[in-house]
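Please read the structure below before turning to the comments.
The values are calculated or read from the model by the stated rules, or taken from the named source; none is laboratory data. Just so it is clear, the structure is predicted and the values come from calculations on it, not from any experiment. Glycine also receives a Cβ, built like all others from the backbone with ideal geometry; neighbour counts cover every protein chain displayed.
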Amino acid sequence: MKLRRRSAILSFVIDVILVAVFVVIGRVSHKEALTTVGILTTFWPFASGLVLAWIVTRNWRTPTRVVWSGISLWILTVIFGMVFRLIGGQSVAISFAIVALVVLGVFLLGWRAIVRLATRGRRARVGSR
């Protein structure tokens, strides 16, 4: 049980870090200032969306699973993030929503896929001994 809890906490932290990386990459690519206020203004809607998505999907149960946990977490994070941007008075251009969908998909699903492949390979090696 302790291992599952630790895995869920680590998974959540990785997700938060990757959302922050998405924000920083976006701000740098648009030549926007990397001030604390600027980063937090862009970060909070997606961080809030991620938290809400974790709650809705109960992702702590299977935090490294790509299908369905990861996919639903990814889609809901983007949807909630865009809604929170609108609520916060920020714009939501279609091109931005598409970029967010693609980049957050690569980030949130990518690390889960790597973990699943790595642990599958490790289990196969241990099982063949």
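In region 5-33, the residues that are under 15 Å from Phe46 (Cβ atoms) form Cβ pairs under 7 Å with partners that are among the polar types (S, T, N, Q), at six or more places apart or across chains, as follows: Val23/Thr42; Gly26/Thr42; Arg27/Thr42. Summed over region 41-63, residues that are over 18 Å from Val92 (Cβ atoms), hydrophobic (A, V, I, L, M, F, W, C) and assigned to a helix (DSSP H, G or I) total 4.
Does Trp74 count as assigned to a helix (DSSP H, G or I) and either at positive phi or under 14 Å from the mean Cα position of the chain (by Cα) (or both)? When the stated conditions are applied, Trp74 passes them. Among the residues of region 42-57, those that are of a type outside the set (Gly, Ala, Ser), farther than 9 Å from Arg85 by Cα and in contact with a helix residue (DSSP H, G or I) (Cβ under 9 Å, 6 or more places away or on another chain) comprise Phe43, Leu50, Val51, Leu52, Trp54, Val56, Thr57.
Within region 43-93, the residues that satisfy the criterion of being crowded, with 17+ Cβ neighbours inside 10 Å, of a type in the set (Ser, Thr, Tyr) and at pLDDT below 95 are Thr62, Thr64, Ser69. Checking each residue in region 1-23 for being among the charged types (D, E, K, R) and touching a Phe, Trp or Tyr at 6+ places or on another chain (Cβ under 9 Å) picks out Arg4, Arg5, Asp15. Would you confirm whether or not region 5-26 contains a residue that is in a helix (DSSP H, G or I), more than 30 Å from Arg120 (Cα to Cα) and not β-branched (Val, Ile, Thr)? Among the residues of region 5-26, at least one is in a helix (DSSP H, G or I), more than 30 Å from Arg120 (Cα to Cα) and not β-branched (Val, Ile, Thr), which makes the answer yes. Any chance region 106-117 includes a residue that's modelled with pLDDT under 95, surrounded by 11 or more Cβ atoms within 10 Å (Cβ to Cβ), of a type in the set (A, V, I, L, M) and more than 15 Å from the chain's Cα centre (by Cα)? Checked region 106-117: at least one residue is modelled with pLDDT under 95, surrounded by 11 or more Cβ atoms within 10 Å (Cβ to Cβ), of a type in the set (A, V, I, L, M) and more than 15 Å from the chain's Cα centre (by Cα).
Here Arg123 meets the list (1) modelled with pLDDT of 95 or more; (2) under 30 Å from Lys2 (Cα atoms); (3) of a type outside the set (Gly, Ala, Ser); (4) surrounded by fewer than 14 Cβ atoms within 10 Å (Cβ to Cβ) almost entirely, failing just condition (1).
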